[in-house]
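Sharing a structure here in structure tokens format.
The values are calculated or read from the model by the stated rules, or taken from the named source; none is laboratory data. Since the structure is predicted, the reported quantities are computational estimates derived from the model, not experimental observations. With ideal geometry, Cβ positions are generated from the backbone for all residues, glycine too; neighbour counts draw on all protein chains shown.
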Amino acid sequence: MIKILQTFFLLLFIINPTIAQTSRIIDGDTLEAKIINKYRLAGIDAPEQNQPFGEQASQKLKELLENNELAGIWCLPKADKYGRDICILSLNTLDGSKIDPAEELIKAGLAEVEYTQFLPPSTELIYRTAEEKAKQAKLGIWKQQNYIKPAQWRKNSKN
């Protein structure tokens with residue numbers, strides 16, 4: 001897991017140096033970088049921790065990141081309103097195929113398609129198709145009788 005996280009942060013630093021801040025130069029080829037941003041998966045909204053299926057969504061993302069190797073990352077040049085970089089990840093599985101963790105969360109019924117203005121049209125289509133299949137199969141959030149969207153849940157929690 002540490003190797004995956006190190007690779008992830010190194011790639012983020014290389015792709016977008018504004019997301020890291022050098023905290024110490026050790027020698028000519030070694031530096032310590034302090035990560036200063038948070039990251040959000042583009043095109044989805046998952047349940048909050050205190051919402052039904054929130055813990056399952058967090059656990060699924062953790063498992064995807066721990067059990068697969070980062071293959072690539074693409075971040076939008078502009079962060080969201082909370083200062084998080086909005087990114088699409090690609091992971092290599094043990095069998096050599098590539099997966100998108102956001103799509104895997106949607107397929108499992110642990111996230112819904114939202115904020116599609118951040119997605120390429122082809123990715124949005126893939127996500128919407130996966131969401132429709134999860135809804136039809138009544139997986140995760142879609143098995144609830146009175147499902148509350150995460151955005152509405154956050155709004156209700158503030159009141």
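Only one of Glu131, Glu114, Glu104 is at pLDDT 95 or above, in contact with a strand residue (DSSP E or B) (Cβ under 6 Å, 6 or more places away or on another chain) and among the acidic types (Asp, Glu). Can you tell me which?
Glu131
Another one. Between a residue in region 42-68 that is among the aromatic types (Phe, Trp, Tyr) and any residue that is modelled with pLDDT of 90 or more and not in a helix (DSSP H, G or I), which pairs come within a Cβ distance under 9 Å, given they are 6 or more apart or on different chains?
Pairs found: Phe53/Ala46; Phe53/Pro47; Phe53/Gly109; Phe53/Leu110; Phe53/Gln144.
Additional query: Starting from region 112-141, take each residue that is closer than 19 Å to Ala42 by Cα and list its partners that are loosely packed, with under 14 Cβ neighbours inside 10 Å, counting only C-beta distances under 8 angstrom and pairs at least six apart or across chains.
Cβ pairs passing all conditions: Glu114/Ala151.
Another question, if that's okay. All but one of (1) outside any helix (DSSP H, G or I); (2) at pLDDT 95 or above; (3) closer than 16 Å to Asp45 by Cα hold for Ile86, so report the exception by its number.
(2)
Could you list, in sequence order, all residues of region 57-71 that are basic (Lys, Arg) and farther than 15 Å from Lys107 by Cα? Reasoning before the result, please.
From region 57-71, those basic (Lys, Arg) are 60, 62; that's our starting set.
Hit for region 57-71 is Lys62, nothing else.
Just for region 99-111: of the residues that are of a type outside the set (Gly, Ala, Ser) and free of Cβ contacts under 8 Å to residues at least 60 places away in the same chain, which one is farthest from Gln49 (Cα to Cα)?
Per the stated criteria, the residue is Ile99.
Please indicate, with yes or no, whether at least one residue in region 84-98 is without any contact (Cβ under 8 Å) to a residue 60 or more places away in the chain, buried (at least 17 other Cβ atoms within 10 Å of the Cβ), of a type in the set (D, E, K, R) and under 22 Å from Phe118 (Cβ atoms).
no
Can you name the residue in region 114-159 that is part of a loop (DSSP other than H, G, I, E, B) and of a type in the set (A, V, I, L, M, F, W, C) and is also surrounded by the fewest Cβ atoms within 10 Å (Cβ to Cβ) among such residues?
Ala137
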